[in-house]
Amino acid sequence: MSQPRIFVTGASGLIGRAVLDRLRFDGLECARALSREPRAACEGVEWVRGDLCNPGEWTARLEGCDSVLHLGASTGKA
């Protein structure tokens, strides 16, 4: 059985980074990470640049994902 592919929103935030680190620590190598400002490349994570307010930019990247961890939020910052 292949590993599940997880799509994580808010992946570059405080909680998102911790969750990605934990997923990688647990051996998951199939994560897509949505962020307005993707971080440096890390093994097992495919970064997707996008904004929650503009889903047309990134919703196609949900294709093939088994689940979504929605950790993103609008902070009111521009």
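The values are calculated or read from the model by the stated rules, or taken from the named source; none is laboratory data. This structure is a prediction, so every number in the text was calculated from the model and none was measured. Note that we place each Cβ from the backbone using ideal geometry, even for glycine, and neighbour counts take in every protein chain shown. The area values use the complete protein model at the heavy-atom level, side chains included, leaving out ligands, DNA and RNA. Shrake-Rupley method; radii C 1.70, N 1.55, O 1.52, S 1.80 Å.
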Item checked: Contacts under 9 angstrom Cβ, first residue in the stretch 24-46 being at negative phi and modelled with pLDDT under 80, partner among the small types (G, A, S) and part of a strand (DSSP E or B), 6 or more apart -> R39/A33; C42/A33
Next item on the list: State the number of residues belonging to the stretch 54-78 that are within 13 Å of G10 (Cβ to Cβ) and either at pLDDT 90 or above or not polar (S, T, N, Q) (or both).
Entry: 7
Checklist line | Pairs, first without any contact (Cβ under 8 Å) to a residue 24 or more places away in the chain in the stretch 52-75, second of a type in the set (D, E) and open to solvent by 70 Å² or more (accessible area, probe 1.4 Å), C-beta under 6 Å, six or more apart | finding: none
Next item on the list: Report those strands (runs of 3 or more DSSP E) wholly inside the chain carrying at least 1 residues which are exposed (fewer than 14 other Cβ atoms within 10 Å of the Cβ) and among the β-branched types (V, I, T).
Entry: 67-70
Check: So which of D51, D26 ends up being of a type in the set (D, E) and touching a helix residue (DSSP H, G or I) at 6+ places or on another chain (Cβ under 7 Å)?
Finding: D51
